[in-house]
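Take a look at the structure below.
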Amino acid sequence: MTSGPSNGELADVLCTIAGYLSLEGESTYRILAYEKAAEVFRRHPLSIADLAASGHLRDLPGVGAAIEGKVLEFLETGDVAALARLRERYPEGLLEVMRVPGIGPKTARRLHDALGIADLAELEQACLEGRISEVPGMGEKTQAKLMRAIEDRNAARAAAAGPGGGERTRLLLAEVGPQAASLLEVLRGLPSVTAADVAGSLRRRRSTVRDIDLVAASLDATAVMEDFARASQLARIEQRGDTKLAAVTHTGLNVDLRIVPPASYGNLLQHLTGSAGHNVALRGYAQRHGLKVSEYHVEHLKDGTVIPCATEADVYATLGLDYIPPELREDHGEIEAAETHTLPTLVERSHLRGDLHVHSDWTDGKATLEEMARAAQDVGLEYLCFCDHSQALAMTGGLDPARVLEQIAAIRELDSRLRIKVLAGIEVDILLDGRIDLPDDILARLDFVTASIHSGFRQTREEIMRRLLAALHNPHVDSIAHLSGRLINRRPAYELDMDTVARVAAATGTFLEINGSPDRLDLDAEAARRAVELGATLVICSDAHRPREFANLDAGVAEARRGWVTADDVANTRPWEELRGR
């Protein structure tokens, strides 16, 4: 345990320095150094303060003498002199202003100099009063775009806070999962623990998570508490009882641990995994059948007999239900399906035979074609399709027709010498008017074409639908990628008619993608379930930009499972030979 600043606090210091350096017009290299170090700090499971004090801070990637010096200065004095000098030049609220889409550091400085804007509230007020349009070089269109960006930002923050505007932001599943796995490993390694699992929304594989719930089985709860409290991942213990412990990690995550005897382990795990709606519905079902469900046992109301359950399967079997997978425990009809033996056999990661949407360094990927292909082979895939960006997405170095043909040749050569089947595709933009970003004769040369929207997010529902329907009816388009356009915690989905899209996709044979990127997971579970109900076929893709991101397939599968999706509903559970020429 450490009493120093948390990893998040130290990361914030570096981010603040990076922000001020941006306002100062410093070199991109220097700014990125602080930002990358901040990200390392924020995600590191151990105390950064302890590493600095012990002289091991520079063992971390990207941490050099300058950053180490500022961390040590902050630990000693509670501030950084260089940062204090920067605060004297610019108000700290200007850092938030420059992060609004469409502004950036130069425009933020200009707004500050021209209108005295010092924070987001003042920026919003200036937009409402029409003063932004008076700044030379900005105008009414810029003012309207900034107002929409502020509204989107507010909406994303409200969504991240969750229902009721809770005080803790929901983090991406991918951010919380590794930390939970690390703590679970500690817990399972304790000699007095006979079983342990994560629970809550993390185990249900929701796209965002607030905290980490852990459940353990042991006959010696006191020993478990004492041993687990010493875990190096924990910054402090907030509360400790006979069978409950609450702690906070160095990354600022709340951790709740509950311990029960092994005989009741299934009861507690089931209770702490199900959503509130699922558990209320389960109690109601039990009561109608003369039973009472608790976190310790199942009780017969008639005679008071109690049945402790060592496993979750025992809990559901005692109630006369089929086992309900954790991902389905959301009160979306799963109890009725479990009673009538109609629960689906959900898709699993092992069912996926290929990935039909990955990127390479030909556009915005971070690895070569061969590096990505070999990584795909290493994770057990039989085929891989490169879908780098098309020319409209200029910021990624999108491919024009000539470059597409060059890449096709490179992919064919690579395919000739690897065991994994390597395919040439494209992620082609659906333009503002519904046209596809590349000519038909180029698209016809490709093995697979996925189409997506990367611009015009503020168009009306009718305009968005016109673009999507045009793509769905294009004979060269095989799938629609990340259909709703959402970026979790950052950008809300645009408006669309999901039922119409699904029906047309079913009629044209166009696949709808579940994109496994942690901040997309798009289609979401609800949309995926509805699409399948209406006859559409899905693909689950990683959208990987580097080898380690093939893990996105696991996240995509989890979202699919939450949507009641089976292997038969997913095209890339089939061999490529079955899909080609379909």
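Among the residues of segment 477-499, write down those that are open to solvent by 50 Å² or more (accessible area, probe 1.4 Å) and either under 17 Å from residue 531 (Cα atoms) or at pLDDT 95 or above (or both). If the condition is that a residue be open to solvent by 50 Å² or more (accessible area, probe 1.4 Å) and either under 17 Å from residue 531 (Cα atoms) or at pLDDT 95 or above (or both), then 493, 495 are the ones that fit.
Each row is one residue, and each column tells you yes or no for (1) touching a helix residue (DSSP H, G or I) at 6+ places or on another chain (Cβ under 6 Å); (2) aliphatic (A, V, I, L, M); (3) in a loop (DSSP other than H, G, I, E, B).
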residue	(1), (2), (3)
449	yes, yes, no
459	no, no, yes
476	yes, no, yes
504	yes, yes, no
526	no, no, no
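Among all positions in segment 537-549, there is at least one residue which is closer than 21 Å to residue 368 by Cβ, open to solvent by 30 Å² or more (accessible area, probe 1.4 Å) and among the basic types (Lys, Arg).
Out of all the residues in segment 430-443, is one or more under 26 Å from residue 146 (Cβ atoms) and touching a His at 6+ places or on another chain (Cβ under 9 Å)? Yes - at least one qualifying residue is present in segment 430-443.
Can you tell me which residue is farthest from residue 268 (Cα to Cα) among those in segment 214-246 that are surrounded by 14 or more Cβ atoms within 10 Å (Cβ to Cβ), without any contact (Cβ under 8 Å) to a residue 40 or more places away in the chain and not charged (D, E, K, R)? If we take residues in segment 214-246 being surrounded by 14 or more Cβ atoms within 10 Å (Cβ to Cβ), without any contact (Cβ under 8 Å) to a residue 40 or more places away in the chain and not charged (D, E, K, R), then 229 is farthest from residue 268 (Cα to Cα).
Number of residues in segment 19-46 that are modelled with pLDDT of 90 or more, touching a helix residue (DSSP H, G or I) at 6+ places or on another chain (Cβ under 7 Å) and under 23 Å from residue 186 (Cβ atoms) equals 1.
Of the residues making up segment 247-282, those that are open to solvent by 20 Å² or more (accessible area, probe 1.4 Å) and small (Gly, Ala, Ser) are 252, 263, 276, 277, 281. If you go through segment 335-359 and keep only what is assigned to a loop (DSSP other than H, G, I, E, B) and under 21 Å from the mean Cα position of the chain (by Cα), you end up with 347, 348, 352, 359. Here 443, 512 are screened, and the one residue that is out of contact with any helix residue (DSSP H, G or I) (no Cβ under 8 Å at 6 or more places or on another chain) and touching a residue at least 24 places away in the same chain (Cβ under 8 Å) is 443. Taking each residue of segment 129-150 that is within 16 Å of residue 116 (Cβ to Cβ) and looking for partners that are open to solvent by 80 Å² or more (accessible area, probe 1.4 Å) with beta-carbon atoms closer than 7 Å, six or more apart or interchain, yields 135/110. In summary, residue 457 fulfils each of the numbered conditions (1) surrounded by fewer than 23 Cβ atoms within 10 Å (Cβ to Cβ); (2) in contact (Cβ under 8 Å) with a residue 12 or more places away in the chain; (3) more than 28 Å from residue 146 (Cα to Cα) with the single exception of condition (3).
Does residue 530 meet the test of being at pLDDT 95 or above, open to solvent by 40 Å² or more (accessible area, probe 1.4 Å) and touching an Asp or Glu at 6+ places or on another chain (Cβ under 8 Å)? Taking the combined requirement at face value, the residue satisfies it. The residues of segment 368-384 that are among the hydrophobic types (A, V, I, L, M, F, W, C), more than 22 Å from residue 482 (Cα to Cα) and part of a loop (DSSP other than H, G, I, E, B) amount to a single one, 379. Among the residues of segment 385-432, the one identified as under 21 Å from residue 467 (Cβ atoms), in a helix (DSSP H, G or I) and not hydrophobic (A, V, I, L, M, F, W, C) is 396.
Can you confirm whether segment 537-554 contains a residue that is of a type in the set (S, T, N, Q), closer than 19 Å to residue 327 by Cα and not in a loop (DSSP other than H, G, I, E, B)? Yes - at least one qualifying residue is present in segment 537-554.
Of the listed requirements (1) at pLDDT below 85; (2) open to solvent by 70 Å² or more (accessible area, probe 1.4 Å), residue 194 misses just one: (1).
Comparison of 319, 393, 328 shows that the only residue that is open to solvent by less than 50 Å² (accessible area, probe 1.4 Å) and touching a Ser or Thr at 6+ places or on another chain (Cβ under 8 Å) is 393.
The values are calculated or read from the model by the stated rules, or taken from the named source; none is laboratory data. Note that this is a predicted model, so its numbers are computed, not measured. When we count neighbours, we look across all protein chains shown, and the Cβ atoms used for this are built from the backbone with ideal geometry, even at glycine. The accessibility values were calculated without ligands, DNA or RNA, using every heavy atom of the protein model including side chains. Shrake-Rupley method; radii C 1.70, N 1.55, O 1.52, S 1.80 Å.
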